[in-house]
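The values are calculated or read from the model by the stated rules, or taken from the named source; none is laboratory data. All of these numbers come straight from a predicted model, not from anything done at the bench. So basically every Cβ, Gly included, is an ideal-geometry build from the backbone, and we count neighbours across all protein chains shown. Surface areas here come from the heavy atoms of the whole protein model, side chains and all, with no ligands, DNA or RNA. Shrake-Rupley method; radii C 1.70, N 1.55, O 1.52, S 1.80 Å.
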Amino acid sequence: MSHRIHLAVALERAGWHPAAWRASGLSPRAFTTPRHWADQVRLLDRAGVTLATIEDALALTDRYEDAADPDPRRLHGRVDAVLLASALAPRTQRIGLVPTVTTTHTEPFHVATGIQTLDFASRGRAGVRLVVGGSAAERANFGRRDELDIETGFREAGEVADALGRLWDSWEDDAIIRDVATGRFVDADRIHNIDVAGEFFSITGASIVPRSPQGRPIISVLAHQTVPFRLAAEHADVVFITPHDAAAATGILAELDGAAAGLRRSPEPLRVFADVIVLIEETSAAAHDALARLDELAGAEFRSDARVIAGTAVEVAEHLRGLAETGVDGVRLRPARQPDDVVAIAERLAPLLRATRVLRDDDAATLRGRLGLARPDSRYTSTQTREKVAR
(Lines give C-alpha, C1' and ligand atoms only; values in the text may rest on other atoms or scores of the structure.)
Protein backbone atom coordinates (compact mmCIF):
# COMPACT_ATOMS: atom_id res chain seq x y z
CA MET A 1 0.00 0.00 0.00
CA SER A 2 1.57 3.32 -1.07
CA HIS A 3 -0.21 5.79 1.25
CA ARG A 4 0.14 4.83 4.91
CA ILE A 5 -1.60 6.44 7.86
CA HIS A 6 -1.31 7.13 11.58
CA LEU A 7 -3.70 5.56 14.10
CA ALA A 8 -5.26 7.64 16.88
CA VAL A 9 -7.88 6.75 19.50
CA ALA A 10 -10.46 9.08 21.10
CA LEU A 11 -11.16 8.13 24.72
CA GLU A 12 -14.52 9.03 26.26
CA ARG A 13 -15.29 7.62 29.74
CA ALA A 14 -17.05 4.26 29.18
CA GLY A 15 -17.10 4.63 25.38
CA TRP A 16 -18.95 6.61 22.72
CA HIS A 17 -22.18 4.61 22.76
CA PRO A 18 -24.49 6.20 25.35
CA ALA A 19 -25.33 2.78 26.84
CA ALA A 20 -21.72 1.57 26.99
CA TRP A 21 -21.53 2.06 30.75
CA ARG A 22 -24.30 -0.54 31.21
CA ALA A 23 -22.33 -3.17 29.31
CA SER A 24 -18.84 -2.51 30.66
CA GLY A 25 -19.07 -4.41 33.94
CA LEU A 26 -16.95 -1.73 35.62
CA SER A 27 -17.57 -0.51 39.14
CA PRO A 28 -19.10 3.00 39.45
CA ARG A 29 -15.81 4.40 40.72
CA ALA A 30 -13.70 2.96 37.90
CA PHE A 31 -14.38 5.85 35.52
CA THR A 32 -12.57 8.28 37.81
CA THR A 33 -9.63 6.09 38.78
CA PRO A 34 -6.16 6.50 37.24
CA ARG A 35 -5.96 2.74 36.75
CA HIS A 36 -9.05 2.67 34.48
CA TRP A 37 -7.37 5.16 32.14
CA ALA A 38 -3.78 4.03 32.51
CA ASP A 39 -4.56 0.42 31.63
CA GLN A 40 -6.18 1.49 28.36
CA VAL A 41 -3.62 4.11 27.34
CA ARG A 42 -0.68 1.81 28.10
CA LEU A 43 -2.29 -0.87 25.95
CA LEU A 44 -2.63 1.59 23.06
CA ASP A 45 0.94 2.81 23.67
CA ARG A 46 2.34 -0.72 23.36
CA ALA A 47 0.27 -1.23 20.18
CA GLY A 48 2.01 1.74 18.52
CA VAL A 49 -0.98 4.11 18.43
CA THR A 50 0.31 7.60 17.61
CA LEU A 51 -1.91 9.62 19.93
CA ALA A 52 -4.89 9.39 22.26
CA THR A 53 -7.33 12.26 22.70
CA ILE A 54 -9.31 12.58 25.95
CA GLU A 55 -12.79 14.11 25.89
CA ASP A 56 -13.85 16.87 28.28
CA ALA A 57 -16.70 19.38 28.70
CA LEU A 58 -17.69 22.18 31.04
CA ALA A 59 -21.25 20.96 31.72
CA LEU A 60 -22.74 17.94 33.44
CA THR A 61 -25.22 17.30 30.63
CA ASP A 62 -24.75 16.67 26.93
CA ARG A 63 -25.57 19.62 24.65
CA TYR A 64 -29.01 18.31 23.63
CA GLU A 65 -30.07 17.54 27.22
CA ASP A 66 -32.00 19.77 29.59
CA ALA A 67 -29.36 21.08 32.00
CA ALA A 68 -31.99 21.52 34.72
CA ASP A 69 -33.15 17.91 34.46
CA PRO A 70 -30.22 15.55 33.70
CA ASP A 71 -31.28 12.15 32.36
CA PRO A 72 -30.38 9.68 35.17
CA ARG A 73 -29.99 6.86 32.62
CA ARG A 74 -26.92 8.52 31.05
CA LEU A 75 -23.35 8.60 32.32
CA HIS A 76 -22.68 11.97 33.89
CA GLY A 77 -19.51 13.38 35.38
CA ARG A 78 -15.89 13.13 34.30
CA VAL A 79 -12.38 13.95 35.43
CA ASP A 80 -10.43 16.94 34.08
CA ALA A 81 -8.73 15.91 30.83
CA VAL A 82 -5.57 18.04 31.17
CA LEU A 83 -4.91 16.82 34.72
CA LEU A 84 -5.69 13.23 33.70
CA ALA A 85 -3.25 13.44 30.77
CA SER A 86 -0.53 14.70 33.12
CA ALA A 87 -1.20 11.75 35.43
CA LEU A 88 -0.92 9.36 32.45
CA ALA A 89 2.28 10.93 31.10
CA PRO A 90 4.80 9.18 33.41
CA ARG A 91 2.91 5.88 32.99
CA THR A 92 3.37 5.83 29.19
CA GLN A 93 6.33 5.85 26.82
CA ARG A 94 5.58 6.98 23.25
CA ILE A 95 1.89 7.75 22.75
CA GLY A 96 0.83 11.39 22.28
CA LEU A 97 -1.55 12.71 24.96
CA VAL A 98 -4.13 15.22 23.70
CA PRO A 99 -6.73 16.45 26.23
CA THR A 100 -9.78 18.46 25.17
CA VAL A 101 -10.03 22.09 26.33
CA THR A 102 -13.06 24.36 25.89
CA THR A 103 -12.04 27.75 24.47
CA THR A 104 -15.23 29.69 25.22
CA HIS A 105 -14.88 29.91 28.99
CA THR A 106 -11.19 29.13 29.59
CA GLU A 107 -8.38 31.67 29.79
CA PRO A 108 -5.66 30.92 27.22
CA PHE A 109 -2.93 31.70 29.78
CA HIS A 110 -4.10 28.78 31.94
CA VAL A 111 -4.42 26.48 28.93
CA ALA A 112 -0.92 27.39 27.74
CA THR A 113 0.76 26.66 31.07
CA GLY A 114 -1.20 23.42 31.60
CA ILE A 115 -0.30 22.02 28.19
CA GLN A 116 3.34 23.13 28.52
CA THR A 117 3.51 21.30 31.84
CA LEU A 118 2.00 18.21 30.16
CA ASP A 119 4.71 18.49 27.50
CA PHE A 120 7.39 18.39 30.21
CA ALA A 121 5.67 15.53 32.07
CA SER A 122 5.39 13.48 28.88
CA ARG A 123 8.84 14.44 27.53
CA GLY A 124 7.45 15.97 24.36
CA ARG A 125 4.18 14.10 23.73
CA ALA A 126 1.61 16.81 24.53
CA GLY A 127 -1.14 18.27 22.42
CA VAL A 128 -4.51 19.90 22.95
CA ARG A 129 -7.87 19.62 21.19
CA LEU A 130 -9.67 22.95 21.20
CA VAL A 131 -13.47 22.88 21.30
CA VAL A 132 -15.99 25.74 21.31
CA GLY A 133 -18.35 25.45 24.28
CA GLY A 134 -21.50 27.24 23.32
CA SER A 135 -24.18 25.30 25.21
CA ALA A 136 -26.57 26.96 27.64
CA ALA A 137 -25.41 24.62 30.42
CA GLU A 138 -21.79 25.64 29.95
CA ARG A 139 -22.68 29.33 29.93
CA ALA A 140 -24.74 28.88 33.10
CA ASN A 141 -21.81 27.25 34.88
CA PHE A 142 -19.70 30.37 34.32
CA GLY A 143 -22.43 32.98 34.38
CA ARG A 144 -20.60 35.60 32.40
CA ARG A 145 -21.27 35.04 28.71
CA ASP A 146 -24.17 35.61 26.37
CA GLU A 147 -25.10 33.07 23.73
CA LEU A 148 -22.51 32.92 20.94
CA ASP A 149 -23.13 32.47 17.23
CA ILE A 150 -20.88 29.97 15.49
CA GLU A 151 -18.80 32.63 13.73
CA THR A 152 -18.01 34.38 17.04
CA GLY A 153 -17.29 31.15 18.90
CA PHE A 154 -14.80 29.94 16.31
CA ARG A 155 -13.25 33.40 15.92
CA GLU A 156 -12.58 33.30 19.66
CA ALA A 157 -11.13 29.80 19.36
CA GLY A 158 -8.75 31.12 16.71
CA GLU A 159 -7.65 33.88 19.04
CA VAL A 160 -7.04 31.31 21.78
CA ALA A 161 -4.92 29.21 19.41
CA ASP A 162 -2.88 32.26 18.42
CA ALA A 163 -2.36 33.25 22.07
CA LEU A 164 -1.23 29.72 22.95
CA GLY A 165 1.44 29.82 20.24
CA ARG A 166 2.70 33.21 21.38
CA LEU A 167 2.85 32.14 25.04
CA TRP A 168 4.64 28.91 24.12
CA ASP A 169 7.19 31.01 22.19
CA SER A 170 7.63 33.62 24.92
CA TRP A 171 10.68 31.87 26.38
CA GLU A 172 13.50 31.26 23.92
CA ASP A 173 15.02 27.78 24.15
CA ASP A 174 18.17 29.02 25.85
CA ALA A 175 16.55 31.54 28.22
CA ILE A 176 17.66 29.58 31.30
CA ILE A 177 21.40 30.15 31.69
CA ARG A 178 21.93 29.29 35.40
CA ASP A 179 25.13 31.35 35.61
CA VAL A 180 26.16 30.77 39.25
CA ALA A 181 29.15 33.13 39.02
CA THR A 182 27.05 36.15 38.03
CA GLY A 183 23.96 35.07 39.96
CA ARG A 184 21.73 35.08 36.88
CA PHE A 185 19.34 32.13 36.52
CA VAL A 186 17.73 33.42 33.32
CA ASP A 187 18.69 35.77 30.52
CA ALA A 188 15.83 38.25 30.75
CA ASP A 189 16.46 39.38 27.17
CA ARG A 190 15.32 35.94 26.01
CA ILE A 191 11.95 36.05 27.80
CA HIS A 192 9.36 38.13 25.94
CA ASN A 193 6.03 39.69 26.86
CA ILE A 194 3.57 38.69 24.15
CA ASP A 195 1.47 41.91 24.32
CA VAL A 196 -1.70 40.53 22.70
CA ALA A 197 -4.69 42.87 22.51
CA GLY A 198 -7.34 40.95 20.61
CA GLU A 199 -11.13 40.95 20.29
CA PHE A 200 -11.57 38.58 23.25
CA PHE A 201 -8.33 38.62 25.28
CA SER A 202 -5.60 41.02 26.35
CA ILE A 203 -2.41 39.32 27.51
CA THR A 204 0.68 41.31 28.41
CA GLY A 205 3.23 39.01 30.01
CA ALA A 206 5.18 35.87 29.21
CA SER A 207 4.30 32.29 30.13
CA ILE A 208 5.36 31.22 33.60
CA VAL A 209 6.55 27.88 32.16
CA PRO A 210 9.85 27.69 30.23
CA ARG A 211 9.78 26.56 26.60
CA SER A 212 8.79 22.89 26.60
CA PRO A 213 10.34 19.92 24.73
CA GLN A 214 8.25 20.36 21.56
CA GLY A 215 8.48 24.15 21.59
CA ARG A 216 4.85 24.31 20.59
CA PRO A 217 2.71 21.30 21.57
CA ILE A 218 0.25 20.07 18.93
CA ILE A 219 -3.00 22.04 18.43
CA SER A 220 -5.93 20.02 17.07
CA VAL A 221 -9.62 20.64 16.37
CA LEU A 222 -12.66 18.63 15.29
CA ALA A 223 -14.30 20.15 12.20
CA HIS A 224 -17.59 19.38 10.45
CA GLN A 225 -18.23 22.40 8.23
CA THR A 226 -16.72 25.46 6.59
CA VAL A 227 -16.25 27.70 9.66
CA PRO A 228 -14.27 25.10 11.68
CA PHE A 229 -12.47 24.00 8.50
CA ARG A 230 -11.15 27.56 8.26
CA LEU A 231 -10.15 27.53 11.95
CA ALA A 232 -8.22 24.31 11.38
CA ALA A 233 -6.55 25.56 8.21
CA GLU A 234 -5.39 28.77 9.87
CA HIS A 235 -4.41 27.61 13.37
CA ALA A 236 -4.21 23.81 13.83
CA ASP A 237 -1.56 21.17 13.34
CA VAL A 238 -4.14 18.34 13.21
CA VAL A 239 -7.82 18.34 12.22
CA PHE A 240 -10.28 15.52 12.89
CA ILE A 241 -13.02 15.17 10.25
CA THR A 242 -16.10 12.94 10.05
CA PRO A 243 -16.60 11.62 6.50
CA HIS A 244 -19.13 8.79 6.19
CA ASP A 245 -17.51 7.42 3.03
CA ALA A 246 -14.48 7.88 0.79
CA ALA A 247 -16.21 10.39 -1.48
CA ALA A 248 -17.02 12.63 1.50
CA ALA A 249 -13.40 12.40 2.68
CA THR A 250 -12.17 13.49 -0.73
CA GLY A 251 -14.54 16.46 -0.72
CA ILE A 252 -13.47 17.57 2.77
CA LEU A 253 -9.79 17.28 1.87
CA ALA A 254 -10.38 19.52 -1.13
CA GLU A 255 -12.17 22.14 0.99
CA LEU A 256 -9.40 22.05 3.60
CA ASP A 257 -6.77 22.48 0.89
CA GLY A 258 -8.64 25.52 -0.42
CA ALA A 259 -8.90 27.05 3.05
CA ALA A 260 -5.23 26.39 3.78
CA ALA A 261 -4.19 28.05 0.51
CA GLY A 262 -5.74 31.31 1.68
CA LEU A 263 -5.22 31.23 5.43
CA ARG A 264 -2.36 29.01 6.52
CA ARG A 265 0.80 30.71 7.76
CA SER A 266 2.62 27.65 9.10
CA PRO A 267 5.09 26.09 6.65
CA GLU A 268 3.94 22.66 7.85
CA PRO A 269 0.96 20.99 6.14
CA LEU A 270 -2.23 20.39 8.15
CA ARG A 271 -2.50 16.75 9.22
CA VAL A 272 -5.99 15.33 8.58
CA PHE A 273 -7.44 12.42 10.60
CA ALA A 274 -10.81 10.82 9.75
CA ASP A 275 -12.99 9.82 12.71
CA VAL A 276 -14.75 6.42 12.86
CA ILE A 277 -16.73 4.88 15.74
CA VAL A 278 -15.89 1.18 16.04
CA LEU A 279 -17.37 -1.83 17.82
CA ILE A 280 -15.24 -4.93 17.26
CA GLU A 281 -16.13 -8.56 17.97
CA GLU A 282 -14.82 -11.96 16.80
CA THR A 283 -17.62 -12.33 14.24
CA SER A 284 -19.67 -9.87 12.25
CA ALA A 285 -22.91 -11.29 13.71
CA ALA A 286 -21.61 -10.87 17.27
CA ALA A 287 -20.65 -7.24 16.57
CA HIS A 288 -24.07 -6.38 15.17
CA ASP A 289 -25.77 -8.21 18.05
CA ALA A 290 -23.69 -6.24 20.56
CA LEU A 291 -24.57 -2.95 18.88
CA ALA A 292 -28.27 -3.88 18.79
CA ARG A 293 -28.12 -4.75 22.49
CA LEU A 294 -26.58 -1.35 23.32
CA ASP A 295 -29.23 0.40 21.20
CA GLU A 296 -31.94 -1.51 23.08
CA LEU A 297 -30.47 -0.43 26.43
CA ALA A 298 -30.28 3.18 25.23
CA GLY A 299 -33.82 3.09 23.85
CA ALA A 300 -32.80 4.35 20.40
CA GLU A 301 -30.54 3.54 17.48
CA PHE A 302 -27.09 5.05 18.00
CA ARG A 303 -26.39 7.91 15.61
CA SER A 304 -23.34 10.15 15.64
CA ASP A 305 -21.44 12.73 13.61
CA ALA A 306 -18.91 10.02 12.69
CA ARG A 307 -19.69 6.78 10.85
CA VAL A 308 -20.37 3.75 13.07
CA ILE A 309 -18.68 0.50 12.00
CA ALA A 310 -19.62 -2.74 13.84
CA GLY A 311 -17.73 -5.80 12.67
CA THR A 312 -14.63 -7.91 12.92
CA ALA A 313 -11.12 -6.46 13.01
CA VAL A 314 -10.74 -7.53 9.36
CA GLU A 315 -13.93 -5.69 8.36
CA VAL A 316 -12.94 -2.52 10.23
CA ALA A 317 -9.44 -2.69 8.71
CA GLU A 318 -10.96 -2.88 5.23
CA HIS A 319 -12.93 0.31 5.86
CA LEU A 320 -9.83 2.08 7.18
CA ARG A 321 -7.85 0.96 4.15
CA GLY A 322 -10.45 2.68 1.93
CA LEU A 323 -10.15 5.88 3.96
CA ALA A 324 -6.36 5.74 3.73
CA GLU A 325 -6.58 5.64 -0.05
CA THR A 326 -8.35 9.02 -0.06
CA GLY A 327 -5.13 10.65 1.18
CA VAL A 328 -5.96 11.33 4.85
CA ASP A 329 -2.94 11.33 7.17
CA GLY A 330 -4.58 9.23 9.84
CA VAL A 331 -7.70 7.71 11.35
CA ARG A 332 -9.00 8.46 14.84
CA LEU A 333 -11.02 5.56 16.23
CA ARG A 334 -13.74 6.25 18.78
CA PRO A 335 -14.32 3.01 20.75
CA ALA A 336 -18.05 2.35 21.18
CA ARG A 337 -17.24 0.55 24.44
CA GLN A 338 -14.35 1.03 26.85
CA PRO A 339 -12.34 -0.95 27.61
CA ASP A 340 -13.65 -3.74 25.31
CA ASP A 341 -13.09 -1.94 22.00
CA VAL A 342 -9.82 -0.36 23.18
CA VAL A 343 -8.52 -3.89 23.83
CA ALA A 344 -9.75 -5.01 20.39
CA ILE A 345 -8.06 -2.03 18.70
CA ALA A 346 -4.75 -2.68 20.48
CA GLU A 347 -4.66 -6.48 20.29
CA ARG A 348 -6.40 -7.25 16.97
CA LEU A 349 -6.90 -4.23 14.73
CA ALA A 350 -3.55 -2.43 15.12
CA PRO A 351 -1.44 -5.57 14.51
CA LEU A 352 -3.55 -6.36 11.44
CA LEU A 353 -3.12 -2.84 10.04
CA ARG A 354 0.62 -2.99 10.68
CA ALA A 355 0.98 -6.41 9.08
CA THR A 356 -0.81 -5.21 5.94
CA ARG A 357 1.31 -2.03 5.82
CA VAL A 358 -1.60 0.36 6.32
CA LEU A 359 0.06 2.03 9.33
CA ARG A 360 2.87 4.53 8.96
CA ASP A 361 6.19 3.89 10.76
CA ASP A 362 6.76 6.75 13.21
CA ASP A 363 9.69 6.14 15.54
CA ALA A 364 10.36 9.74 16.64
CA ALA A 365 10.47 10.52 20.36
CA THR A 366 8.07 13.48 20.32
CA LEU A 367 4.49 13.74 19.07
CA ARG A 368 5.56 16.38 16.56
CA GLY A 369 8.24 14.06 15.30
CA ARG A 370 5.83 11.12 14.98
CA LEU A 371 3.50 13.29 12.90
CA GLY A 372 6.38 14.41 10.69
CA LEU A 373 6.20 18.01 11.92
CA ALA A 374 9.35 20.03 12.60
CA ARG A 375 10.05 21.59 15.99
CA PRO A 376 9.47 25.32 15.44
CA ASP A 377 11.81 28.06 16.63
CA SER A 378 10.39 30.64 18.99
CA ARG A 379 9.12 33.54 16.89
CA TYR A 380 11.21 35.79 19.15
CA THR A 381 14.50 33.98 18.51
CA SER A 382 16.96 36.18 16.62
CA THR A 383 19.17 34.98 13.79
CA GLN A 384 22.23 35.45 16.02
CA THR A 385 20.67 33.26 18.69
CA ARG A 386 19.84 30.52 16.15
CA GLU A 387 23.43 30.52 14.93
CA LYS A 388 24.74 30.38 18.50
CA VAL A 389 22.46 27.44 19.39
CA ALA A 390 23.48 25.66 16.17
CA ARG A 391 27.17 25.94 17.16
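A residue that is open to solvent by less than 60 Å² (accessible area, probe 1.4 Å), within 23 Å of Leu294 (Cβ to Cβ) and touching a His at 6+ places or on another chain (Cβ under 8 Å) occurs somewhere in region 65-74.
Is it fair to say Ala317 is in contact with a Lys or Arg (Cβ under 6 Å, 6 or more places away or on another chain), of a type in the set (Gly, Ala, Ser), touching a residue at least 12 places away in the same chain (Cβ under 8 Å) and over 30 Å from Tyr64 (Cα atoms)? In short, no. Residues that are polar (S, T, N, Q) and over 26 Å from Leu352 (Cβ atoms) within region 23-48 comprise Ser27, Thr32, Thr33, listed in sequence order. Of Ala197, Ala161, Ala188, Ala175, all but one fail to be among the small types (Gly, Ala, Ser) and within 21 Å of Ala81 (Cβ to Cβ); the exception is Ala161.
Which of the residues spanning region 327-362 are farther than 17 Å from Arg271 by Cα, of a type outside the set (A, V, I, L, M, F, W, C) and in a loop (DSSP other than H, G, I, E, B)?
Answer for region 327-362, where residues must be farther than 17 Å from Arg271 by Cα, of a type outside the set (A, V, I, L, M, F, W, C) and in a loop (DSSP other than H, G, I, E, B): Arg337, Gln338, Pro339, Thr356, Arg357.
Evaluating Glu107 against the criteria (1) within 17 Å of the chain's Cα centre (by Cα); (2) open to solvent by 20 Å² or more (accessible area, probe 1.4 Å); (3) under 21 Å from Ala161 (Cβ atoms) leaves one unmet condition, (1). Of all residues in region 12-29, those that are touching a residue at least 60 places away in the same chain (Cβ under 8 Å) have Cβ atoms under 7 Å from Cβ atoms of residues that are open to solvent by 60 Å² or more (accessible area, probe 1.4 Å) and outside any loop (DSSP other than H, G, I, E, B), 6 or more apart or on another chain, in Ala14/Trp21. When Asp169 is tested against (1) in contact (Cβ under 8 Å) with a residue 60 or more places away in the chain; (2) open to solvent by 20 Å² or more (accessible area, probe 1.4 Å); (3) in contact with a Phe, Trp or Tyr (Cβ under 7 Å, 6 or more places away or on another chain), just one condition goes unmet, and that condition is (2).
Whenever a residue of region 321-340 is farther than 23 Å from Phe302 by Cα, its partners that are open to solvent by less than 10 Å² (accessible area, probe 1.4 Å) and among the aromatic types (Phe, Trp, Tyr), lying with C-beta atoms within less than 7 angstrom and at least six residues away or across chains, give the pairs Val328/Phe273; Asp329/Phe273; Gly330/Phe273. Among residues of region 139-165 being in contact with a His (Cβ under 6 Å, 6 or more places away or on another chain) and open to solvent by less than 40 Å² (accessible area, probe 1.4 Å), the one that is farthest from Phe229 (Cα to Cα) is Ala161.
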